[in-house]
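The structure appears right after this line, and notes come after that.
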Amino acid sequence: MMICSSNKNTCTCEQGKSIFINTLKEIIIKQLNLLNNNRSAFKTALVSAFRKDKESNSKEKLEALESEILALRKHYENLSSSHSDYHEAIKDELIEEITNLTNQKAILQNQILTMETAEDRAGEIINQLKKIPENLESLNNIDFKSVLKNVIVVNRNELVFLVGSEDVNHLPSKFQPLFEINCEYKIRKTRFICRAGIYINS
């Protein structure tokens with residue numbers, strides 16, 4: 001899928017019209033060869049990106065739940081010496097809320113334990129990359145989409161390949177591509193240089 005960076009929608013844009021299919025194929029081949037020749041570094045980058053995203057989100061959710069549970073328990077303790085009907089009703093509500101949040105915390109912890117690890121996700125991508133011949137010269141019968149999920153046309157001189165998730169709804173406004181390559185091409189008599197790289201879309 002080719003995405004125009006100006007609107008994040010699938011389309012043919014004015015900037016993208018100068019990226020001919022043969023040129024795009026050359027860039028894809030060059031990008032795959034670079035990744036295949038640097039598998040170890042590529043895997044390290046994948047693990048780092050996947051782990052950072054997953055750990056930060058899970059840690060924030062757990063910390064928020066633990067903080068809320070602690071605050072509710074302190075509130076309950078402050079009411080423990082009071083036995084009026086009003087306070088007893090509040091204590092019942094607090095116990096129910098604490099139980100509910102504790103269950104949510106247990107579910108989240110279980111999900112973290114059973115979810116696919118960053119190493120697993122990275123390993124799957126590397127295994128797909130290994131199926132692509134080294135020193136690739138043609139894309140015939142090559143499942144390059146198993147590694148390069150989408151391509152973002154920043155402009156006719158810059159492409160970014162998405163690796164990981166195909167979701168384009170939460171992409172950054174500006175990319176800092178990894179494993180960059182340059183590919184020279186001609187349109188009529190004019191020479192252009194297109195820079196490409198990957199963005200790990202966790």
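Computed from backbone phi, the HN-Hα couplings of the stretch 99-113 come to 4, 4, 5, 5, 5, 4, 5, 5, 5, 4, 4, 5, 4, 5, 5 Hz, rounded to whole numbers (Karplus: 6.51 cos²θ - 1.76 cosθ + 1.60, θ = phi - 60°; Gly and Pro given as x).
Can you give the Rg to Rh ratio for the chain, taking only C-alpha atoms and Rh from Kirkwood?
Expressed as Rg/Rh, it is 1.23.
Checking the cross-link pairs K59/K91; K105/K145; K25/K52; K52/K130 against a 27 Å limit on the alpha carbon distance flags K59/K91; K105/K145; K25/K52 as lying beyond it. What FRET efficiency do you get for I90 and S40 if R0 is 45 Å and r is their Cβ-Cβ distance, rounded to the nearest 0.05? FRET efficiency, I90 to S40: 0.15. Accessible surface for V147 stands near 0 Å², nearest 10, in the context of the full protein assembly shown (1.4 Å probe).
Computed from Cα atoms alone, the Kirkwood hydrodynamic radius reported for the stretch 99-148 is 13.8 Å.
Within the accessible surface of the chain, defined with a 1.4 Å probe on protein heavy atoms only, the carbon and sulfur portion equals 47 percent. Largest to smallest in accessible area, the residues T23, T190 fall in the order T190, T23 (1.4 Å probe, all protein chains included).
Annotation: per residue accessible area for the stretch 107-202 equals 61 Å², rounded to a whole number [probe 1.4 Å, protein chains only].
Against the longest alpha carbon principal axis of the chain, how many degrees, from 0 to 90 and to the nearest 10, is the axis of helix 39-79 turned? Roughly 20 degrees, rounded to the nearest 10.
Of all aspartates and glutamates in the structure, the ones whose alpha carbon falls short of 12 Å from that of K43, not counting any fewer than 8 places away in one chain, are E119, D120, E124. Counting every pair of alpha carbons in the stretch 97-202, the share spaced more than 19 Å apart comes to 62 percent.
Tell me, rounded to the nearest percent, the portion of alpha carbon pairs in the stretch 49-138 spaced more than 22 Å apart.
For the stretch 49-138, the fraction of Cα-Cα distances above 22 Å is 54 percent.
The values are calculated or read from the model by the stated rules, or taken from the named source; none is laboratory data. These numbers were taken from a predicted model, which means no experiment stands behind them. No Cβ is skipped: glycine too gets one built from the backbone with ideal geometry, and neighbour counts run over all protein chains shown. Ligands, DNA and RNA are excluded from the accessible area calculation, which covers all protein heavy atoms including side chains. Shrake-Rupley method; radii C 1.70, N 1.55, O 1.52, S 1.80 Å.
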